[in-house]
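The values are calculated or read from the model by the stated rules, or taken from the named source; none is laboratory data. From a predicted model like this one, the values you see are computed outputs, not experimental measurements. So basically every Cβ, Gly included, is an ideal-geometry build from the backbone, and we count neighbours across all protein chains shown. Areas reflect the complete protein model, heavy atoms only, side chains present, ligands, DNA and RNA absent. Shrake-Rupley method; radii C 1.70, N 1.55, O 1.52, S 1.80 Å.
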Amino acid sequence: MSLSEHLPALLVVIPLLAAPLCVLLRHPLYAWIVALASSSLTLLAAYQVLMQVRDGSVIRYTLGGWSAPTGIEYYIDSVNATVALVVALISTVVLVYTRAISQKQLVTDKHYLLYTAWMLCLCGLIGIVITGDAFNVFVFLEISSLSTYLLISLGTQRNALTAAFRYLVMGSIGASFILIGIGYLFAATGTLNMVDLAQRIPEVQESRTILVAFSFLTIGLMIKAAVFPLHAWLANAYHHAPVFVTAFLAGTATKVSLYVMLRFFFSIFGADYSFAQMFLTSVLLPAAMAGYLLMSLVAVYQTDLRRMLAYSSIAQIGYIVAAISMVSVTGLTAAMVHIVNHALIKTALFMSVGCMMYRMGHAHIKSFDHLIRSMPFTVMAFIVSGLSLIGVPLTAGFISKFTLINGALDRGWWLVAASVLVSSLLATVYITRAAEVMVFNRNRVGHPQPSGMNEAPVSMLVPMWLLIGLSVYTGINGTETLAVAEQAAMQLLGGFE
Amino acid sequence: MRRHQQQRHRVLQIVAKLLIPYILLFALYVQFHGDYGPGGGFQAGVIFAVGFILHGLIFGVLRTRKVVTPGAVRNLMAVGVLLYAGTGVLSMFMGGHYLDYGVLADDPLRGQHWGIFAVELGVGITVAAVMISLFYSFASPRGEVAASNAPAESTANFGKMTPQQSTHKTAANNIQHKSPAPTDDPDFDDRNSKTGEPKIGEPKTDGKPS
Amino acid sequence: MSFVASMYNYWIVIVLMMAGLYILITRHNLVKKMIGLSIFQTSIFYLYISMGKVAGGTAPILIDEAVQYSNPLPHVLILTAIVVGVATTAVGLALIVRIHESYGSIEEDEIRVQEAEDAQ
């Protein structure tokens with residue numbers, strides 16, 4: 001057996017092995033090296049896996065050699081291979097970036113804890129994405145959630161502790177709902193394997209057990225993905241967590257939950273059950289629309305950059321959920337593209353905020369007067385990725401918004417298309433409001449002017465610009481991303497093989 | 001005063017000394033007999049940790065921390081996970097799938113046996129270490145006043161006494177000789193630990209920075 | 001009535017679950033919130049385990065003669081879920097200890113007052 005056959009297992013095992021190694025080494029630098037190396041290896045493996053399933057094939061890897069319905073298997077098609085690649089990519093890039101800023105924001109003897117929790121979180125996130133077993137989803141979900149609580153509590157302010165605690169309560173309720181849902185699915189079908197579930201649910205889908213399972217899973221996943229009415233934990237968590245942790249989580253945690261949503265709604269229950277019989281569209285679409293309109297509006301009034309971006313994240317999740325509720329190839333393509341693009345954009349935005357915090361020590365918009373003079377690269381990064389967030393042509397954000405509006409118009413949902421435009425307008429307002437302060441000199445008397453260049457370290461700028469370059473590239477040449485996303489959409493609508 | 005206290009707990013101490021070896025032995029039995037009967041790493045790990053937790057309750061956490069240092073516990077936690085994941089990787093190198101124990105020996109049955117043995121041992125070590133470290137971090141006297149928003153103090157470290165910890169009377173008694181107003185009345189001691197915060201600059205109850 | 005009686009395990013689950021959620025929502029003491037969360041999670045364990053019971057079935061330990069076993073799979077799943085629950089409780093309590101260190105209180109309303117002061 002060659003190594004390439006074991007790639008699915010390695011995706012999870014490499015970070016799992018790195019976590020205890022970080023504990024044993026305890027040295028901040030060595031722990032960072034181990035974490036970075038394992039994250040890069042995971043990235044490499046994820047890329048290889050995506051290339052293997054790019055032709056529409058499916059990898060099924062049985063753990064322990066126990067064949068599918070009995071044992072646990074990893075099921076990888078182009079949907080989850082894409083998400084896994086994004087998660088590994090963001091983890092690696094942000095880890096490079098983290099070294100410099102964590103030295104400034106975190107005491108030395110906590111660094112190894114940071115990297116251990118980071119690796120466990122990565123292990124959990126990738127595990128959720130590639131597993132083909134419903135109960136395994138819950139286990140990995142809890143691995144990633146528990147380490148996320150730790151990561152958030154590392155924040156410099158004491159608010160981080162209460163934010164982490166509130167997230168823990170909400171997250172545990174969400175995970176417990178998912179656990180109940182899986183339990184009822186098991187009670188009704190006698191299996192936990194996703195492919196098996198998809199085959200057996202149609203036989204019993206009239207039963208009330210399946211209905212209960214479906215409801216619990218929907219609510220649980222909506223909490224985990226921070227879909228609008230259930231988003232309360234997100235703003236605090238993103239605001240008070242260390243900024244490098246926020247950059248990592250913003251691109252990965254909610255995206256992975258959205259992926260699980262796609263998997264359950266489309267592959268396991270089937271689009272027909274979820275949307276035609278359960279009227280999921282009438283639940284998800286109003287929530288999504290209210291989400292992106294209200295949260296964009298709330299973002300406009302924020303005084304802290306991190307909080308502004310956190311509310312913007314909830315709005316962006318709204319777009320993705322709106323795209324999901326279209327139940328069409330275009331809609332799902334838009335959802336997949338936006339999962340990828342928003343991960344890249346929002347991570348880059350939080351990274352640029354991190355650079356500002358590295359020099360300024362805080363993220364209050366007001367005090368960033370004329371910041372462009374001292375930190376030109378950082379401010380440019382903020383503006384470029386901000387434009388991408390708005391959806392200006394030639395950026396990645398444009399591609400996803402274009403596909404999203406296309407999908408809405410296909411369905412004849414004029415109101416949705418219009419409200420997406422309104423929400424984008426609001427995004428323009430909040431990004432411009434912040435950018436305006438940074439670029440123009442509104443020199444008020446008594447305000448000390450920063451003199452000369454005071455740019456963040458190169459080790460932070462390079463990974464940030466790498467991500468921005470990637471998102472600009474996908475903006476200019478969107479065919480590759482769109483092709484992958486479209487294939488993923490087809491596979492989702494087609495169900496399991 | 002210290003001797004006085006120790007005499008008061010003499011019965012408990014002797015009973016504990018008698019019991020602890022059997023608890024540990026039973027844990028090992030549950031661990032290694034798990035192949036043939038009910039048992040396994042989870043249960044064995046918890047029982048094994050109970051031996052140390054009992055020691056901590058009777059003799060005070062500070063003495064237990066000398067028996068098993070927090071550093072050792074932390075390393076054992078990591079070793080257990082490594083053993084578990086390493087067994088899986090080993091089976092991968094031997095030509096099977098991840099955690100496919102069948103390939104670990106010539107005879108698949110024997111391979112399964114060895115695989116389960118190693119994995120459960122890893123689980124047992126980790127569970128025991130985690131339970132002990134949970135006990136340490138909740139029961140340990142927290143000697144240093146933590147600055148409110150300084151990131152400087154670490155999770156497993158000792159800030160100040162919290163109400164939860166004062167329920168562990170023996171633990172509180174044990175550091176009593178360091179508190180400003182020593183008295184023999186255990187109730188007073190309890191009140192003291194609830195309301196009075198240890199003085200800044202008081203010697204750290206444990207020399208080891210964790 | 002027989003409908004109620006024959007489903008008694010579900011009634012226990014529902015009562016426990018609602019009690020847990022109620023504590024979680026109404027109590028302002030963080031430790032009590034954790035207790036509520038634990039009760040809530042325990043009700044799910046009970047749901048799974050009672051689900052696996054086969055009437056007249058015995059424990060699934062290898063015996064030579066053929067007997068009816070209860071379904072062992074829910075037990076195994078719940079063993080994992082219990083560990084997860086313990087871990088959640090531990091992390092939650094550890095956070096509470098640190099919150100008490102920083103705020104000097106574990107009452108949510110008092111913490112909120114201090115948070116509001118921090119924000120200014």
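A few comments on the model shown:
- Residue list for the range B:92-107, filter: part of a helix (DSSP H, G or I), open to solvent by less than 30 Å² (accessible area, probe 1.4 Å) and closer than 16 Å to A:LEU7 by Cβ: B:MET92
- Residues considered: A:ALA31, A:ALA9. Of these, the only one that is within 12 Å of chain B (Cβ to nearest Cβ) and out of contact with any strand residue (DSSP E or B) (no Cβ under 8 Å at 6 or more places or on another chain) is A:ALA31.
- Only residues that are under 17 Å from B:PHE42 (Cα atoms) and either more than 15 Å from the chain's Cα centre (by Cα) or open to solvent by 20 Å² or more (accessible area, probe 1.4 Å) (or both) were counted in the range C:70-83, giving 9.
- Selection within the range A:154-173 - closer than 14 Å to C:ILE99 by Cβ, open to solvent by 10 Å² or more (accessible area, probe 1.4 Å) and at the interface with another protein chain (Cβ under 7 Å from one of its Cβ atoms): A:GLN157, A:ARG158, A:ASN159, A:VAL169
- Of all the residues in the range A:126-155, those that are under 18 Å from A:ILE59 (Cβ atoms) and polar (S, T, N, Q) number 2.
- Selection from the range C:30-45 of residues that are more than 8 Å from chain A (Cβ to nearest Cβ) and not polar (S, T, N, Q): C:VAL31, C:LYS32, C:MET34, C:ILE35, C:GLY36, C:ILE39, C:PHE45
- Pair list, Cβ under 7 Å, 6 or more apart: the range C:81-106 residue more than 9 Å from chain A (Cβ to nearest Cβ) and within 23 Å of C:ILE49 (Cα to Cα), other residue crowded, with 22+ Cβ neighbours inside 10 Å and at pLDDT 90 or above: C:THR89/C:MET34
- Among the candidates B:VAL50, B:VAL15, residue that is at pLDDT 90 or above and under 14 Å from the mean Cα position of the chain (by Cα): B:VAL50
- Helices (runs of 4 or more DSSP H) enclosed by the range A:1-115 - at least 3 residues per element that are without any contact (Cβ under 8 Å) to a residue 24 or more places away in the chain: A:7-25, A:28-53
- Any hit, the range A:351-358, residues being over 18 Å from A:GLN157 (Cβ atoms) and within 19 Å of the chain's Cα centre (by Cα): yes
- Candidates B:GLY88, B:GLY111, filtered to the one that is more than 10 Å from every other protein chain (Cβ to nearest Cβ), crowded, with 18+ Cβ neighbours inside 10 Å and not hydrophobic (A, V, I, L, M, F, W, C): B:GLY111
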